[in-house]
Amino acid sequence: MRLKNKTAVITGSANGIGLAAAKKFAREGCRVIMADFDESKGATEAQALRDAGGNASFYQVDTADRESVNTLAEKVMKEHGGVDILVNNAGITRDSLMSKLTVEDFQKVLDVNLTGVFHCTQAFLPALVKSGKGKIINTASASGLFGNVGQTNYAASKAAVIGMTKTWAKEFGSKGINVNAVAPGVIETEMTAKIPDKVKAQMNALIPLGRFGKAEDAANAYLFLASEESDYINGIVLQVDGGIMM
Ligand code: NAI
C-alpha cells in the first residue's frame, strides 16, 4: 500500500483522469476526498468506490470560486482532520483560434485552470505544512509546454501552472512539501472526445508510441508523485504523452 494512512484531495475527480486517480489512490490505502463541480457523477463514483471497499468522500466545489474552495477546506479539515496530498487536477477547455477567441472564454479558462489551482493550494497549504510531508501535484499539459493551435487560453493557463509549480517548489521545499506538475499529452477522456476525427488522426501521427493515453496513464504519474517513491523529486514537469512532438 503506497498511500496507507494518507489523505488526498483530488479536484476534478468525478470524471476522466481525476477519477482514475481517485480509484488508484483508494486501492493504495488512501482516504480520498473527491472534489468536483459535477455533484451527481461525483457522489455516484464516491459511493462506487466505498462499495468496492475504498475510503472515499465526495464534496461539491467550484475551484474557480474562492468562497467555495474555502468552504471545502473548512469541511475537509473538520471531517478528516488533515490533508497530506493535494492534486490540482480540475480543468476545462474552451478552444478557439486566436482570431475568434472571446474575452469570456479566455477568462473562463484562466479562472478554472489557473486561479482555481491558486485558490486550492492556498486553502490547503496550512494542512499540507502541518502534515510535515505534503505533496502537491498540479496538472499542466503538453499545450503549456509547446503551445497548440486553437488553445491560446488553455496553453496560457497551463504554462502559468508550470510557473507556479516551480515557484512553489522553491517556496514550500523548506516546509517539507514537494510540488510537481504532470503534463499529459492527449488522453482519452470527455475533454478530448469532442476533437474531430481528422484532427485526432493528425495528433496521433505526432505520437511515437502511436496511441493516445488512457486516464490511468496520467493517474499513474499522479500516484508516483504522491507516494514516497518521489520524496526527492521537486519542481519537475513529468510529461505523460507517449513522446508527442508538437
Ligand atoms: P474531464 O473533462 O474528463 O474531467 C475534468 C473534471 O473537472 C470534470 O469532472 C469536471 O466536472 C471537473 N471540473 C471542471 N471545472 C471545475 C471546477 N471549476 N471546479 C471543480 N471541478 C471542475 O477532463 P480530463 O481529461 O480528465 O482532465 C483532467 C486534467 O488533465 C485537466 O486539468 C486537463 O486540463 C488536464 N489535461 C487533460 C488532457 C487530455 O488529453 N484529456 C491533456 C492535458 C491535460
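Can you give me the distance in nm between label points at A52 and V103, each placed 7 Å from the Cα along the Cα-to-Cβ direction?
Distance between label points: 4.6 nm.
At 1.4 Å probe size, with the rest of the protein present, what percent of the exposed accessible area of the chain is carbon and sulfur atoms? Present the calculation step by step, with values, prior to reporting the outcome.
Details: 6090 of 11340 Å².
Whole-percent figure for carbon plus sulfur exposure: 54.
Under 8 Å for C-alpha pairs, at least 6 residues apart: give me the relative contact order for region 140-214, rounded to a whole percent.
Values: 67 pairs, mean separation 20.5, N = 75.
Worked out over region 140-214, it gives 27 percent.
So for region 83-161, averaging the separation of alpha carbon pairs under 8 Å that are six or more residues apart and normalising by length, what relative contact order in percent results?
Relative contact order for region 83-161 comes out at 46 percent.
Which value, in Å², gives the accessible area per residue of region 21-91 when a 1.4 Å probe is used on the protein heavy atoms?
On a per-residue basis, region 21-91 sits at 45 Å².
Considering only the other residues whose Cβ falls under 10 Å of the Cβ of K6, what net charge follows from Lys and Arg at +1 and Asp and Glu at -1?
Around K6, the surrounding residues sum to +2.
On a full-extension model of 0.36 nm per residue, what is the gain between D197 and D231, subtracting their alpha-carbon distance, rounded to one decimal in nm?
Using 0.36 nm per residue and subtracting the Cα-Cα distance, I get 8.2 nm.
Under the classification rounded if a/c is under 1.5, otherwise prolate if a/b is larger than b/c and oblate if not, where does region 90-226 fall, given a ≥ b ≥ c as square roots of the Cα gyration tensor eigenvalues? Mind showing how you got there, number by number?
On the way: a/c = 2.52, a/b = 1.52, b/c = 1.65.
Oblate shape, in that a/c is at least 1.5 and b/c is the bigger or equal ratio.
Which residue fluctuates the most in the chain, going by a Gaussian network model with Cα springs under 10 Å, if the choices are N180, N89, N70?
So, out of N180, N89, N70, the one fluctuating most is N70.
For the chain, set up a GNM with springs between Cα atoms under 10 Å and report which of L19, L206, L72 has the largest fluctuation.
The residue with the greatest mean-square fluctuation here is L206.
Tell me the chymotrypsin sites (Phe, Trp or Tyr not before Pro) within region 199-237 that lie in a loop according to DSSP and have at most 12 other beta-carbon atoms within 10 Å.
Y232
Explain nothing, just the number: relative contact order of the chain, from Cα pairs under 8 Å at least 6 residues apart, as a whole percent. All intermediate terms of the calculation are to be shown ahead of the outcome.
Working: 517 pairs, mean separation 46.7, N = 246.
Once normalised by length, the contact order is 19 percent.
Between G91, N204, P126, whose Cα lies farthest towards the positive end of the dipole of region 7-238 when Lys and Arg beta carbons carry +1 and Asp and Glu beta carbons carry -1, centred on the Cα centre?
N204
Hey, what number do you get for the chain at 222 nm if only DSSP H runs of n ≥ 4 count, each worth -39500 (n - 2.57), divided across all residues, to the nearest 500?
It lands at -14000 deg cm²/dmol.
List the pairs from K41/K175; K41/K194; K170/K198; K23/K194; K23/K133; K23/K200 whose alpha-carbon separation is above 31 Å, in the order I gave them.
Details: K41/K175 35 Å; K41/K194 19 Å; K170/K198 42 Å; K23/K194 25 Å; K23/K133 22 Å; K23/K200 27 Å.
From the list (K41/K175; K41/K194; K170/K198; K23/K194; K23/K133; K23/K200), the Cα-Cα distance tops 31 Å for K41/K175; K170/K198.
From the Cα gyration tensor of region 11-83, with a ≥ b ≥ c the square roots of its eigenvalues, which class applies: rounded if a/c is under 1.5, or else prolate if a/b is larger than b/c, or else oblate?
Oblate is the answer for region 11-83, as a/c is 1.5 or above yet b/c matches or exceeds a/b.
The values are calculated or read from the model by the stated rules, or taken from the named source; none is laboratory data. Note that the coordinates shown come from a computational prediction; the quantities given were computed from them, not determined experimentally. As a convention, Cβ positions derive from the backbone with ideal geometry for all residues, glycine included, and neighbour counts pool all protein chains shown. Please note that ligands, DNA and RNA were not included when accessible areas were found on the heavy atoms of the full protein model with its side chains. Shrake-Rupley method; radii C 1.70, N 1.55, O 1.52, S 1.80 Å.
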